[in-house]
Amino acid sequence: MEGAGPGGTGNGEPGVVYTMENKPIVTCAGDQSLFTAVYSTLTQQLPREPMEWRRAYGRAPKMIHLESNFVQFKEELLPKEGNKALLTFPFLHIYWTECCDTEVYKATTKDDITKWQNALRAHSTTDWLIVVVESESKKKNKTNILPRTSIADKIRSDFCNKQSDRCMVLVDPLKDTSRSQESWSLFLSKLRTLLLTSFTRNLGHFEDEMRTLREKRTEPGWSFCDYFMVQEELAFVFEMLQQFEDALVQYDELDALFSQYVLNFGAGDGANWLSSFCQPVQSWDGLALRKPIDMEKRDLIQRRRANLLELRSYLFSRQCTLLLFLQRPWEVAGRALELLHNCVQELRLLEVSVPPGALDCWVFLSCLEVLQRIEGCCERAQLEANISHTVGLWSYATEKLQALGSLCGLVSESGPCSEDLQRTVDLLAGLGAERPETANTAQSPYKKLQEALSSEESFEKHYLDLAHATIEMYNSIGRSRSAKLVGKNLADFYMKKSLPQKAEPYLQGALRMYQAEGWALPLTHTRKQLAECQKLLGQTEPYLKTCSLLATDNNLPQEERVGHCHEILRLSAQDASAGGNHISLPFGSFAHLTSLRFDPPNAVVHVGGSLSIELALLCLLPEPFHLEHLSGYFHYSLDKNSYRKTAEWLTQHKPAGGTVHFQPETPLGVRVAPPILELSEMHEKSPSEGGLVSTGVICRNVHMLLRAQDTSSSSPVDRHFGLSLQDGAHNLHCSNIVLQPGLNHVTFHAQAQEPGTYTLRQLAASFGAVELLLPHVYPIVQYDVYSQEPQLKVEPLNDCLLAGVPQKLKFTVTTGHYQVKLGDTLQLSNADAMPIIPGTDTTASIYQNSHGEYNPSAVPLYLVFGDCRKIAFWSPPSDDCSWQLLSLLVTGEASVSSLSIQRSDKITSISLPLAPPYHIMEFELDVVCLLPEGGRLMNGEIPRRGKEPHNSHSSAASGVLEQRVSVDCPWSIYSTIISLTFHLPLKAQYTILSSGTRKYIQVCVENMCDFSFQLSDSCLSSTRDLQFHPLHTMESQSLQRQQCLFYVWEVTWRQGLPSTLPCSFSVSFFPLPLPESCANLQPFTYYFHLEHFYTLYTVRAEILPPAESEFCKMGSLCSLEVCITRLCDPVETDKEETLTDCEGYTSTQLFYQVVDGGSNWAVCGRSSGVVLMPVKHGACHTVRMEVMPLFAGYLPYPDVQLFRYLPHHSHSQQVDADSWIENDSVSVEDPCEAPSGRSQSTSLSPGPLSSTAEQKGLPMPRLQPFHAGQIGNSSAGRQILVIPSMDDHVLEVNVT
């Protein structure tokens, strides 16, 4: 379609025609016949080769094909001041001449060119070109022709002084010669260059002027319509160059600018020019997309008379045209849907007056117009493959058609009234006459709307066709939610048409969708519609279910909720009176189970005991609700090992406090928050190159996020619906319960009968003909019934039992199913080492081990009290003891009874007080574990002489004593063995100290436990003729935990005593704080033996300085003299194998060794050797050697060690002792391992020489050290002054 535009050419000729074939204008002056001859060739060859178009502002270059509209030059075509129309702008001016005669040139041609250029200069036009056409045939006919190119040179000289390229020579353009083709090619290239240069420059000037105009939009008097025409002119230019993308950008900018002004107007910042777009809407004929340019609407915009819908219609029609040129029809659909929604909002923001239904008509017509426009340029296969782009328009058209039907009374049962008919006539009148381009189309949007509004039947046909087609499209692309929303609207239509059977499936689908997505208010609204539909269809059970959900819905007003509640009661009473089948409804639609509490809290009860279960029910109904029955159904299971389970074991596996809390069910319509995404980075590297190939993000909990649709799309109430009740014998019932709105407490009472586990599986309630069922109870709720065997448990009150100190033992008797009768006793076997200390007021506490009561017989005696407790007694009380027992049962409190303890030589008998079954009896007894006697070594050592006592235990070596007691119980024919472990509280260790020939004994007492003791009356004695003189205080001393206390005595004796002397140490000890009575405490005794404590030899060492010096000097040799003296005659400790006869005396061989552990001395020469020592009192032997002090200062004497030298028994091979002793590293045997005179043990031989010799079978001597106290060293602790050398510059002083 085309129309006349502004800028006429005058002389009655029409102006520029705005069509899709507009091209840049090029004027032609001069010889018109010449131009006419080359016109067709020029128009064909000009656009053949593309040109690179480079634009300013860094925009990317493009390749374009230039086409031009060649017109005759007229001065009226030159641009005038203020004219911004680029389409009427001549971009290039060409002068054509074929003059080849100089006289003609001077006479006419020159004047004509001058006149032409003056006109161009008057309008500031610099884009021109002079073309001189030369013909060989004309040159031959002219005799006065100037040399070749003289006319062209003359023109360049006259008119192209500085622009010689503005004059082109075209040789025989109509001939097909090489010279002609060359000149023609140069001419076309020049023409393209000049035309593109002019076009670029003028377009840049136009864009600058357009930006200047846009920047003035905040000034008063600025008009959007004027700016619209300017920028659209730029769009036309791009479209003229077939740059459709750039042209579309111009319209998008205009769209965005206008939308921003409308938004600002809605925010209170309105522009004055917007008032022209606020005119009332008088025509709603929809979008017109059949013409490339709608000149009628463009003229309205140019004259500032267009309203909002007309501006939007024209703007979108231009965008649609360009998008179709770009082959993007699916973007047209998306933009159209956005445009329609935006127009509705913009009309509200601008407060434009729109008649009712007019906007619906405009949207409906526009949707169909866009769809038909897209169908006209696409194939059927393309449309089916791209339904996702167009289905939104189908849905919007369906919605608007339904709104029009409701407005015009075409949906109601009674049909349209007179007002509806008048409204329909007004709406059809606003459509106007049908456009000529669609007048011959049978299914045009105009005809469809007229036909749909003509009658109810026609409307129903068109609406159902649109709705079903839309639903099918949504389902085909997987958008089931959108399909359900359209189905919801279709259900509304069916309900208004009184067709509930067709509406129900769509309502059910919408209901499931809202439940899955958590939309509370739409869910409530849909459920109300569904209830109405079910009521009309007579579906009693689904209707009751829906009413129950509505009665508990907080989104409804209180009056509606109460009305639904009354409806439930009415229908339940009606069905009950009619004697019909029971109707099952979910329990959760009326009340929620929030918590459950057991009494007793551990949910463990013995056989015959009673148990109460308190349910906390949250009633969701708006008013009190009466339940005829409430039942709990329990599943009974008996573990094959249940006889081994005690009440304590069962209690450990129960929840603390006896209360089970249930997870509240998600309210219907409230969406549950999905799990949190757990994302991790993922990097993939190339195995060969090691570089990064790809990276991404993975979800580690996809299994939590992607769940099955059926588990998330239904509510818990729906999933519970339809489950059956599991009936059984183990049920609990309550009757006539009134549930108040909010939290209610209901209590079940159970009497335990059979041992086992009872698990609550279901809850059921009933009223009228309605049964409520909670099919699953989670978390698991169960209680246990046990039948327990009587047991005896003995345990210490303290963590550690101490021997020798009275300790308390706790006896716990669990009666179980056994009744403790009069005369029942516990008989304990007496242990000699652990007597039981009888008390004066020993008592026993008896209390129940659970809160249940006991029922032992088939015909018990029941006592009912004011608090409704029912107590069973197995026989009528006949004496005071029975009445006391009955009192214990009734009160349930602990009872205290005295114990009678009788002790004989072998048995201790404890008379038990009366106790009913399933009670606990506790009492305490004092016992003491006697400390070992008769040679027992309390430090853990075994006596070295004599035989061990018969009653000693090997565990004493580890500081513990094991005691075993057997107990005979009245309920069992077998004895119960009780093992107790006692720890020794103290440990003692003796040490022999020597000072010359004087001897001292030190006893160290160590506290081995965490208690403190008070020690007193220490005593050391012996059966031999020994005297002990204490050197310590005799007062009482406290010994704290993990501490030691030392006692010291000096020992005197007479001569002739044996080598081993028995000694006994005893001390009295009392725990702190002191007990009231210490009669049962025995003293701590420690037995040990003194062996080899006589002093046999004394060793004295002397260090003498050199003869010429008074003091020893560092680095100088000094003399070391070692004197060994025998202090006694032969004794038992001298082995026969060490004695030899020499010069009438008995002698022994001794091995000496000088050792300096501090590295202060260097021994020069032999540091060890063997001496032959007479065994005679006063015998003396002296050894001399040289030593060198290594440091200056007071140095301690070297240590002199003395050993027995034991030669081998065989004298067949004599070994030189001195040669053997050359190695200073000597290993000796341990005197404690092989004491002299008791056993013959193998001595340790020195060094590697020993192992080699033993492998060869050579006899080797041995060394045996002396016992502690047999050697006295008179030089121990002595020091000698060593002075430094005179030439030492560094003084080293060793101070010890």
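The values are calculated or read from the model by the stated rules, or taken from the named source; none is laboratory data. Just so it is clear, the structure is predicted and the values come from calculations on it, not from any experiment. FYI the Cβ positions are ideal-geometry reconstructions off the backbone, even for glycines, and counts take in every protein chain you see. Just the protein is used for accessible areas: all its heavy atoms, side chains included, with ligands, DNA and RNA removed. Shrake-Rupley method; radii C 1.70, N 1.55, O 1.52, S 1.80 Å.
So for the stretch 290-298 (the condition being at negative phi, part of a helix (DSSP H, G or I) and in contact with a Cys (Cβ under 9 Å, 6 or more places away or on another chain)), does at least one residue qualify? The answer is no, given that none of the residues of the stretch 290-298 is at negative phi, part of a helix (DSSP H, G or I) and in contact with a Cys (Cβ under 9 Å, 6 or more places away or on another chain). Of everything in the stretch 458-513 that's free of Cβ contacts under 8 Å to residues at least 40 places away in the same chain and not in a helix (DSSP H, G or I), which residue is farthest from the chain's Cα centre (by Cα)? Top of the filtered list is L499. Restricting F265, F316, F258, F236 to residues that are of a type in the set (A, V, I, L, M, F, W, C), assigned to a helix (DSSP H, G or I) and more than 28 Å from L203 (Cβ to Cβ) narrows the list to F265.
Tell me, which residue of the stretch 1278-1296 that is in a loop (DSSP other than H, G, I, E, B) and modelled with pLDDT of 85 or more is surrounded by the most Cβ atoms within 10 Å (Cβ to Cβ)?
The selected residue is P1284.
For Q1055, the stated conditions do not hold, so it cannot be described as part of a strand (DSSP E or B), exposed (fewer than 14 other Cβ atoms within 10 Å of the Cβ) and not assigned by TED's automatic domain parsing to the domain that holds R1204.
Here the condition is being among the charged types (D, E, K, R), buried (at least 20 other Cβ atoms within 10 Å of the Cβ) and over 26 Å from T441 (Cβ atoms); of E346, E351, it holds for E346 alone.
With the structure loaded, tell me whether P600 is over 43 Å from the mean Cα position of the chain (by Cα) and in contact (Cβ under 8 Å) with a residue 40 or more places away in the chain or whether it fails that test. It is false that P600 is over 43 Å from the mean Cα position of the chain (by Cα) and in contact (Cβ under 8 Å) with a residue 40 or more places away in the chain.
Scanning the stretch 272-308 for residues being touching a helix residue (DSSP H, G or I) at 6+ places or on another chain (Cβ under 8 Å) and acidic (D, E) gives a total of 2.
When Y778 is tested against (1) at pLDDT 90 or above; (2) of a type outside the set (G, A, S); (3) over 30 Å from M921 (Cα atoms), exactly one condition is not met: (1).
Scan the stretch 278-287 and tell me whether some residue there is hydroxyl-bearing (S, T, Y), buried (at least 17 other Cβ atoms within 10 Å of the Cβ) and touching a residue at least 12 places away in the same chain (Cβ under 8 Å). There is no residue in the stretch 278-287 that is hydroxyl-bearing (S, T, Y), buried (at least 17 other Cβ atoms within 10 Å of the Cβ) and touching a residue at least 12 places away in the same chain (Cβ under 8 Å). Just to be sure before I move on: is I973 at pLDDT 85 or above and part of a loop (DSSP other than H, G, I, E, B) in the structure I sent? Judged against the criteria, I973 is a match. For the subset of the stretch 211-225 comprising residues that are open to solvent by less than 30 Å² (accessible area, probe 1.4 Å) and over 58 Å from the mean Cα position of the chain (by Cα), which member is farthest from D299 (Cα to Cα)? Going through the qualifying residues, I end up with W222. Against the condition without any contact (Cβ under 8 Å) to a residue 24 or more places away in the chain, closer than 17 Å to V770 by Cα, of a type in the set (D, E) and not assigned by TED's automatic domain parsing to the domain that holds E623, how does E567 come out, does it pass? The answer is yes for E567. Looking across the stretch 1251-1275, the residues that are open to solvent by 30 Å² or more (accessible area, probe 1.4 Å), modelled with pLDDT of 75 or more and among the small types (G, A, S) come down to A1268, S1274. Among the residues of the stretch 603-618, those that are over 35 Å from the mean Cα position of the chain (by Cα), within 22 Å of P779 (Cβ to Cβ) and open to solvent by 10 Å² or more (accessible area, probe 1.4 Å) comprise S612, E614. Only a single item in (1) over 17 Å from L401 (Cβ atoms); (2) modelled with pLDDT of 90 or more is not met by I471, and it is number (1). Residues that are open to solvent by 10 Å² or more (accessible area, probe 1.4 Å) and touching a residue at least 40 places away in the same chain (Cβ under 8 Å) within the stretch 525-553 comprise T540, E541, K545, L549, T552, D553, listed in sequence order.
Going by what's in this entry, would R192 be described as open to solvent by less than 20 Å² (accessible area, probe 1.4 Å) and over 27 Å from P292 (Cα atoms)? Taking the combined requirement at face value, the residue satisfies it.
When E369 is tested against the conditions (1) outside any helix (DSSP H, G or I); (2) within 30 Å of L263 (Cα to Cα); (3) in contact with a Gly (Cβ under 6 Å, 6 or more places away or on another chain), the lone failure is (1). The residues on offer are S1116, S1109, and the sole one that is surrounded by 13 or more Cβ atoms within 10 Å (Cβ to Cβ) and more than 22 Å from N1273 (Cα to Cα) is S1116.
May I ask you to say which residue of F265, F228 is modelled with pLDDT of 85 or more, open to solvent by 30 Å² or more (accessible area, probe 1.4 Å) and under 58 Å from the mean Cα position of the chain (by Cα)? Write out each step before concluding.
Details: F228 fails: open to solvent by 30 Å² or more (accessible area, probe 1.4 Å).
Only one candidate qualifies: F265.
Residues to consider are T825, T812; find the one that is modelled with pLDDT of 85 or more and closer than 23 Å to V604 by Cβ. Only one candidate passes the filter, namely T812. Every test in (1) open to solvent by less than 30 Å² (accessible area, probe 1.4 Å); (2) in contact (Cβ under 8 Å) with a residue 60 or more places away in the chain is passed by Q819 save one, and that test is (1).
Could you tell me how many of the residues in the stretch 602-624 are in contact with a Gly (Cβ under 9 Å, 6 or more places away or on another chain), at pLDDT 90 or above and outside any strand (DSSP E or B)? Total satisfying the criteria: 1. Restricted to the stretch 442-481, and to residues there that are polar (S, T, N, Q) and surrounded by 19 or more Cβ atoms within 10 Å (Cβ to Cβ), the residue that is farthest from L431 (Cα to Cα) is T470.
One residue alone among V896, V890 is aliphatic (A, V, I, L, M) and at pLDDT below 60, and that residue is V890.
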